Structures are given as structure tokens and as C-alpha cells.
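These notes are about the structure you will find just below.
The values are calculated or read from the model by the stated rules, or taken from the named source; none is laboratory data. Everything numeric here is computed off the predicted structure, so don't read it as measured data. No Cβ is skipped: glycine too gets one built from the backbone with ideal geometry, and neighbour counts run over all protein chains shown.
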Amino acid sequence: MPDSATWTEADRRHVWHQMSGRPADGAAGPLIIAEGDGAWVTDIEGRRYLDGMSGQWCVNAGYGRHDLAQAAAAQLSKLAFYPLTRSHPPAIELSERLDGLLGGDRACLYSNSGSEANELAFKVVRQYHQQRGEPHRFKIIARYRAYHGSTLGALSATGQALRRYAYEPLAPGFLHVAPPDPYRRPEGTDLEEYGRTCAAELERTIEFELPETVAAVIMEPIITGGGILIPPDSYLPAVKAACERHGVLLIVDEVICGFGRTGTWFGHDASGVRPDIVTMAKGITSAYFPLAATVVSDEVFAAFPADGGVRRLRHINTFGGHPAGCAVAVKNIEILEEEGMIERSATGGAQLLHRLRRAIGEHPLVGEVRGRGLLVGIEVVADRSTREPSGAKAAAILAAAERRQLLLGRNADTAAGLDNVVAIAPPLCVTDEDLDHIVNVLTECLAEVQ
Ligand SMILES: Cc1ncc(COP(=O)(O)O)c(C=O)c1O
């Protein structure tokens, strides 16, 4: 085995890291993780860290699951690949499971990543409207601060200027509106009224654009990477009602919120809204295999007859719905269900929120601690009375946590000046001791950072 200096040097020379570039000579190397078990990962020097971000919000069932590895191995031995221009049993089984989880009357299109799942949703909604005699409906309305992926279409929907501007101009036909940000809402405003006002703003945008040119609205149930922005309960139902008034489809991006992250199977479950399309990736396999799905209502599916004519879907993707990915996803859903991980996310998340509020909620750098399930955000501010964001302090908290064996996230490189939210999204298998570690470390970090 090479020693850690050798790994680091080889990494420095040959690996171009995401969100990064060529390291300067002598620069410190990245954290190199070699193993994982439960909620913990171990680096090449044997140092352990609680992974407070589940990798990239995706290892929902936790690390070191032999049953998930076995599901992939068994499927690869039996049938390594077959395309979904035809079919295979794991895709059929998974589609039935997803249909059940989403309340029925659904059909699934598969791809490999959250970005592709959203790209596919955009293609589907445009073709859907064309085929129903409304070819001018091509615009997609998304929200500022939300991330929907890295490919050029998904990046066009992304409302984070700092991830977009080096690659512009992007695809035409994408617009953005402001999302609800309850912490920074106008003082004295009622929370639920604020949710309705934000939905009304979105509806005004549809009207200004001419409803007959708008194909779909896309949103996460909770903006995750953009700063854990939890909308008022009134918001999503009001958005859905506005979409229905104007013949606009609603795409809900569950790439992070899905598969238990927010304490329910999907982030939109509690809202009572039935989206026209739901996109998902990451936690669908707990990251044991790349897989994504774009799950559409039967009404959308029905607009694409498979009669050999021109109205069928014109999309093909080699590895989308890979048999091993589907087999892993089926097993993963079984594990989340049988081991009560969705409930664990709800109860463990509530405990974590309560304990963090008690431990650090009154600290001068903490504007708010908010969360749902095992998705928690800490709004780090320079001044609680003005709510001035402090990205620098948030970064210092992350560094202090890493020194104490806790890995956390932050909404860096999203919206200018709003890079101050510390994110906590551990695997859903976290133990009580793991939660103690998170609370203790954050308490120490805030005492250190001041
Ligand atoms: C909400 C959301 N949608 C889409 C994506 C894109 O997923 P992927 O990185 O798998 O392409 C992400 C990635 O973080 C995401 O957070």
C-alpha cells in the first residue's frame, strides 16, 4: 500500500477535484477517505470522522452495508446489463416500488444522476405540451438559490449565479423567482401568509410570461444545497394550485429530500401535493450505485403513445436503469423500510434540532437552527440583530469541526453573500452516540470560533 504522502502527491498531480482546480505547489492535500462504516468514514491515515453530510447528501442507509454490495454483485453476475429500450426484472420491480411510494399511477424513466433526471423532466414536459397541441409552452420556472444539477440544461434551471456565470450563456427558456426564506422574511409578516405571498409572486411571473408559454415549474420541497430553506406549509400547495390554474406542470426535485432525508419518504409527502413529475437520485441507492429516476404521472405517460409513431419519447441513455442500480435501489428501499430509517430520520432529526437549539441556539453567531428530519441548517451571522450573514465564520466552524472528527457542509459558491448556512445531513442510521458527537462538537466549535 502506498503511504499517505504518496497518495496525496499522486492526487495533487492527477485528480482534478470537483469545485476546484490545479493545486499550488506545496498546497495541503484533500481529505482522502478510504473506508466507511455506519455514519463514519476513515481516511488513509486511519483517522475517523462522523460524516455529517452522508458523502454528498446521498449515503442514506450508511456505509459498509454488505447487503447492498451483495445486491449489486448478485445482479451483475446474473445479468450485467440490458438496455431499457427493452426491459429487465430489476427495473420492473423498482418501478412498482416507486409507484407505491408515490401513491400510484406513476411510470418511471431512468438515468444515472440527479442532473440527468431533471434534464429528462424538462424534455418530457416540453414534448408533453407539444403533443397536446400547445407547442409554445417551453419555459421552465425555477427558483433562485436552488441547485438542480451540473449539465447545461439542469444548470440553466439552477438559480445559483456562482455556479452558472463561468458557463453562460446557458439554455434559453429558464426563468427564476425568489424562494421563501422565512428567516429573512419581512419583519412582522405571518409565516403562512408569507408562503402564500411567495406562491403568488410565482403565479404573477407565470402571468407576466403568458401562461401559454410556460411548460413547468421545478422546485425542491426544501432548498437543500442552497441553504436549507424550509418553506411555510402553505407554499407548496399554493404553488401547485397556481400551476393547475395555468396548465403548468409541477416537477418536484427530490434528489436530496427523497428517501427519508426529511423524515418522510419524500420531502413533499406532508404537503398533500401530488406533483406531475418527481425526480430522484442520490438516496435512491444510498449511493451504492449511480441511478436516478424521473417519475411521471399517468396523465403525462399517456401523452406519449408507444405506437411506433412520432409521438413516442425521443430519449435514449445507455446506462439509465442499469440492472445492478435497480437491484440495489430495491434492496435499499427494503432496508430503509425494515430498519425504520425513515422514522429514525424523523425522530433523530427532531432530537438533534432540539438539542442543537438548546446547546447553541442563543450563541451570538447563530441566527437560527432549523431542520426537518436529518436535514439541519445553522444560519451563521455576524450580528443576530441585523442578521448579517457570515460565510467566514461558517467556514471557520466547518474547519473546527473537521479537526474534531466531524464533517459538515456549507452553501458555498451559490448566491453571492449568502454562503453562511452550515448543513448537517448525516446517514439515517445515526446512533444516539453519533448525535451526541454532533452536538458536542458543534458546541465546542462555536465556543472556539466566537
Ligand atoms: C436538489 C438537487 N438536484 C439535482 C442534483 C444533481 O444531482 P447529480 O449531482 O447526481 O447530478 C443535486 C446534486 O446535488 C441536487 O442537490
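Find all pairs meeting these conditions: Cβ atoms under 8 angstrom apart; at least six residues apart or on different chains; first residue within region 217-235 and closer than 15 Å to Thr279 by Cβ; second residue within 9 Å of the ligand (Cβ to nearest atom) and among the charged types (D, E, K, R).
The qualifying pairs are Ile218/Asp253; Met219/Asp253; Glu220/Asp253; Glu220/Glu254; Pro221/Glu254.
Working only within region 334-351, note down all residues that are surrounded by fewer than 17 Cβ atoms within 10 Å (Cβ to Cβ) and either in a helix (DSSP H, G or I) or of a type in the set (Phe, Trp, Tyr) (or both).
Glu334, Glu337, Glu338, Glu343, Thr347, Ala350, Gln351
Among the listed residues Gly114, Gly62, which satisfies the condition of being more than 16 Å from the ligand (Cβ to nearest atom), within 26 Å of Gly149 (Cα to Cα) and within 22 Å of the chain's Cα centre (by Cα)?
Being more than 16 Å from the ligand (Cβ to nearest atom), within 26 Å of Gly149 (Cα to Cα) and within 22 Å of the chain's Cα centre (by Cα) holds for just one of Gly114, Gly62, which is Gly62.
Testing Cys108 on (1) within 16 Å of the ligand (Cβ to nearest atom); (2) in a strand (DSSP E or B), one condition comes back false. Which one is that?
(1)
Quick one: how many residues across region 295-333 are part of a helix (DSSP H, G or I) and among the β-branched types (Val, Ile, Thr)?
4
Return the only residue of Arg372, Arg344, Arg314, Arg355 being modelled with pLDDT of 95 or more and out of contact with any Leu (no Cβ under 8 Å at 6 or more places or on another chain).
Residue meeting the stated conditions: Arg372.
Find the residue count for region 132-151, including only residues that are within 14 Å of the ligand (Cβ to nearest atom) and more than 20 Å from Glu207 (Cα to Cα).
Residues flagged as within 14 Å of the ligand (Cβ to nearest atom) and more than 20 Å from Glu207 (Cα to Cα) within region 132-151 amount to 7.
Being in a loop (DSSP other than H, G, I, E, B) and either assigned by TED's automatic domain parsing to the domain that holds Tyr165 or among the aliphatic types (A, V, I, L, M) (or both) narrows it down to one of Pro83, Pro90, so name that one.
After ruling out the rest, the residue left standing is Pro83.
Return a yes/no flag: does region 23-34 have any residue that is surrounded by 19 or more Cβ atoms within 10 Å (Cβ to Cβ) and closer than 29 Å to Leu375 by Cα.
For region 23-34, residues surrounded by 19 or more Cβ atoms within 10 Å (Cβ to Cβ) and closer than 29 Å to Leu375 by Cα: absent.
Residues are listed down the side, and each one gets a yes or a no for (1) within 19 Å of Asp253 (Cβ to Cβ); (2) assigned by TED's automatic domain parsing to the domain that holds Arg163; (3) in contact with a strand residue (DSSP E or B) (Cβ under 7 Å, 6 or more places away or on another chain):
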site: Glu96; (1), (2), (3): no, yes, no
site: Gly100; (1), (2), (3): no, yes, no
site: Gly103; (1), (2), (3): yes, yes, no
site: Ala107; (1), (2), (3): yes, yes, yes
site: Ser113; (1), (2), (3): yes, yes, yes
site: Asn118; (1), (2), (3): yes, yes, yes
site: Val125; (1), (2), (3): yes, yes, yes
site: Arg132; (1), (2), (3): no, yes, no
site: His136; (1), (2), (3): no, yes, no
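Just to check your reading of the model, which residue among Gly188, Gly153, Gly195 is without any contact (Cβ under 8 Å) to a residue 60 or more places away in the chain and exposed (fewer than 14 other Cβ atoms within 10 Å of the Cβ)?
Of the residues listed, the single one that is without any contact (Cβ under 8 Å) to a residue 60 or more places away in the chain and exposed (fewer than 14 other Cβ atoms within 10 Å of the Cβ) is Gly188.
For region 10-21, which positions are farther than 15 Å from Arg163 by Cα and surrounded by fewer than 10 Cβ atoms within 10 Å (Cβ to Cβ)?
Within region 10-21, Arg13, His14, Trp16 qualify.
When you go through Val255, Val239, Val214, Val177 one by one, which is the residue that is β-branched (Val, Ile, Thr) and within 16 Å of the chain's Cα centre (by Cα)?
That would be Val255, the only listed residue that is β-branched (Val, Ile, Thr) and within 16 Å of the chain's Cα centre (by Cα).
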